[in-house]
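Input: a single structure, listed below in structure tokens.
The values are calculated or read from the model by the stated rules, or taken from the named source; none is laboratory data. Not measured: the values here are computed from a predicted model. Glycine also receives a Cβ, built like all others from the backbone with ideal geometry; neighbour counts cover every protein chain displayed. For accessibility, only protein heavy atoms count, side chains too; no ligands or nucleic acids. Shrake-Rupley method; radii C 1.70, N 1.55, O 1.52, S 1.80 Å.
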Amino acid sequence: MTTPLLRLGFRPFFLSAGLFAVVAMTLWGFLWRSGHIGSWAPTAIDPVAWHAHEMVFGYALAVVAGFLLTAVRNWTGRPTPSGGALAALVGCWAVARVGLLAGPAALPLAVLADLAFNLGLLIGVARPIIAVRQKRQTGIVAKIAMLALANVLFYLGAAGWIAVPPLIVAQAAVFLLVALVLTLAGRVLPGFIERGVRVPVKVRDPVWPRHASLVLFFGFFVVEIFFDLPRVAAAFAAALAIVTARRLVAWHTPALWREPLLWGLFAAVIAICAGFVLYALADLFALPRTLAL
């Protein structure tokens, strides 16, 4: 019989992500305040690169894994990894996190475990979607695949095997996560709000802002990562802020502010919208783009 912890993906991954966040942020705070960054760190790669990598590919991707392995099962009616398969997936993720803190000698093992986790997650999400031919979900599968590719590029850049700065790859991965969050928010937030506010309300994700968000985000991603065109990126960011704000207005009902689980999700999308605003204003007011990021 499968232990309750391993019956659904969100249980071990949300728990592991939360515990890892405490450990990783505590270590990073110690390194930052002690002045040891650049001179000593237990990390297998440059500590600044480790910090960026682990917040994106360690913590955030574990949360994504927990959510998708649970949600895809509900969307498709097909099983996602549980029991031993889920334990193996969590194990690969954990070995990678420990390996990246065990010094350079452990780097090959950490990389193999991390990429095995990426591949296992991709297969675990893609198989049920393909089995029931849910074409609507192919964008989610594509984003998971691109995050896996970004992780490969990060490691190759960190090892000096390709001339790609690992922090640029981490930035691209943040954008992919934001795109994934915006996609998932449109899928689940209206239903969450309708069922969670305890008063009769109809919430919809308007069609044109949803489609415009995809197109505009693709333009923003390409310009911001691959081209030095800050004004063009600012224009895309401004349009994204407007479109995201329009979606937020459509999702909003005053009753959601009485439910912490709802207003926490809603506030997260507001924060993403604020990030677009800062990108739009960065060049005009000489704001650091890292603030927007």
>> Before I look further, what does the chain give for accessible area per residue, probe 1.4 Å, in whole square angstrom?
In response: 50 Å²
> FRET efficiency for Ile270 and Arg33, Cβ-Cβ distance as r, R0 = 25 Å, nearest 0.05?
Replying inline: 0.20
> What shape does the range 98-179 have by the C-alpha gyration tensor, where a ≥ b ≥ c are the square roots of the eigenvalues, rounded means a/c under 1.5, and otherwise prolate means a/b greater than b/c and oblate the rest?
Replying inline: oblate
> What is the local net charge at Phe20, summed over the other residues whose Cβ is closer than 12 Å to its Cβ (Lys, Arg +1; Asp, Glu -1)?
Replying inline: 0
> Where does the charge balance sit around Ser213 when Lys and Arg score +1, Asp and Glu -1, over other residues with C-beta under 13 Å from its C-beta?
Replying inline: +3
>> Under 4 °C and 1.567 mPa s, how fast does the range 1-82 diffuse according to Stokes-Einstein, given a Kirkwood radius computed over C-alpha pairs? Answer in µm²/s, whole number.
In response: 90 µm²/s
>> Let me check I've understood the local charge: for Thr290, count other residues with C-beta under 15 angstrom from its C-beta, Lys and Arg +1, Asp and Glu -1. What total comes out?
In response: -1
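Once the Cα gyration tensor of the range 158-257 is diagonalised, what are the square roots of 5 times its eigenvalues, in whole Å and ordered largest first, as equivalent ellipsoid semi-axes?
33, 16, 9
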> Using all Cα-Cα distances in the range 8-147, what percent lands in each 10 angstrom bin from 0 up to the longest?
Replying inline: 12, 40, 29, 14, 4, 0
> Exactly which chymotrypsin sites (Phe, Trp or Tyr not before Pro) in the range 1-67 are in a DSSP loop and have at most 14 other Cβ atoms within 10 Å?
Replying inline: Trp40
>> Which residue, Phe154, Leu229, Gly84, has the largest displacement toward the positive end of the dipole of the chain when charges sit on each Cβ (Lys, Arg +1; Asp, Glu -1)?
In response: Gly84
>> Which one, Phe30, Leu291, His211, is farthest towards the positive end of the dipole of the chain when Lys and Arg carry +1 and Asp and Glu -1 on their Cβ?
In response: His211
> Within the accessible area of the chain, what % is carbon and sulfur when the probe is 1.4 Å and the other protein chains stay in place?
Replying inline: 72 percent
> Along the three principal axes, how long is the range 246-293 when you take its alpha carbons, biggest first, rounded to the nearest angstrom?
Replying inline: 38, 19, 11
> Where in the range 58-102 is the amide nitrogen less than 18 Å from a point lying 7 Å along the Cα-to-Cβ axis of Leu109?
Replying inline: 88-102
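For Val152 and Asp283, compute 0.36 nm times the residue count separating them, minus their Cα-Cα distance, and round to one decimal in nm.
Values: separation 131, 0.36 × 131 = 47.16 nm, distance 3.15 nm.
Between Val152 and Asp283, full extension yields an extra 44.0 nm.
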> In debye, nearest 20: dipole of the chain around its Cα centre with unit charges on the Cβ of K, R (+) and D, E (-)?
Replying inline: 1220 debye
> If you look at just the Cα atoms of the chain, how large are its Rg and its Dmax in Å?
Replying inline: 19.7, 60
> Placing +1 at every Lys and Arg Cβ and -1 at every Asp and Glu Cβ, with all other atoms neutral, what dipole size does the range 61-176 have around its Cα centre, in debye to the nearest 20?
Replying inline: 540 debye
> With the dipole of the range 1-127 worked out from charges on the C-beta (+1 for Lys and Arg, -1 for Asp and Glu) around the Cα centre, which of Tyr59, Phe10, Ala113 lies farthest toward the positive end?
Replying inline: Phe10
> Which of the trypsin sites (Lys or Arg not before Pro) found in the range 1-90 are in a DSSP loop and have at most 16 neighbouring Cβ atoms, other than their own, within 10 Å?
Replying inline: Arg7
> Across the range 51-58, in residue order, what do the Karplus-derived ³J(HN,Hα) couplings come to in whole Hz, using 6.51 cos²θ - 1.76 cosθ + 1.60 with θ = phi - 60° and x for Gly and Pro?
Replying inline: 4, 5, 4, 6, 5, 8, 7, x
